[in-house]
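Here the structure is laid out as structure tokens; the discussion comes afterwards.
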Amino acid sequence: AFRTLYHETFVSRAGWRLRPHAADTLSALSAWREARPASEPDLKVGVVSNWDDRLPLLLERLGVRRHVDFVLTSREAGVEKPSAELFARARGLAGVAADARCLHVGDSFSRDVVGAAGAGWEALFVCSAEQRAAVGGEALAAVEHAHLESLARLP
């Protein structure tokens, strides 16, 4: 049973669902990137996750791998979010300077928002009002970030 779950179910559409509007957002972002003039700086998109080496295959099977330039997992990096080292590795894979503007979009305040802000990145917390309330006002105020309740609200 473990083998089936680990090697088949957990790397398939049967085992995972994308966050609502994730595929549409990534597709729109890809189209926007392709339409930009070559004279403008390139925008890199990556997935940075506390996951393992099965993630690229899962993203492929979910139909979104083609929209990202790189995938970095905590297993590959040897550290997990919120470690600033993981974000530094992602910056390197994106091929951008240490002072380049980087944005991390995530759904975990303690791992995604705190990690990104601690690494000098901008952070976007995608969460419901209930999730924000569960984090608490003091913690939210302590870390600079933006938030949206849905990826559909991205400009």
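Nothing in this text is a laboratory measurement; each read-out follows from the coordinates by a stated rule. Quick caveat: nothing in here was measured; it's all calculated off a predicted structure. Here the Cβ is made from the backbone with ideal geometry for all residues, glycine too, and neighbour counts use every protein chain on show.
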(request) Could you sort 112-118, 23-29 so that the peptide with the highest average Cβ count within 10 Å comes first and the rest follow in order? (result) 112-118, 23-29
(request) Pull out a ≥ b ≥ c, the square roots of the eigenvalues of the alpha-carbon gyration tensor of the chain, then state rounded if a/c is under 1.5, prolate if not and a/b is larger than b/c, and oblate in the remaining case. (result) rounded
(request) Arrange the peptides 78-85, 35-42 so that the one whose residues have, on average, the most other Cβ atoms within 10 Å appears first. (result) 78-85, 35-42
(request) Mind giving me the FRET efficiency for Asp53 and Leu103? R0 is 25 Å, r the Cβ-Cβ distance, nearest 0.05 is fine. (result) 0.50
(request) Kindly provide the helix-only [θ] at 222 nm of the chain, computed as the sum of -39,500 (n - 2.57) over DSSP H runs of four or more divided by all residues, to the nearest 500 deg cm²/dmol? (result) -10000 deg cm²/dmol
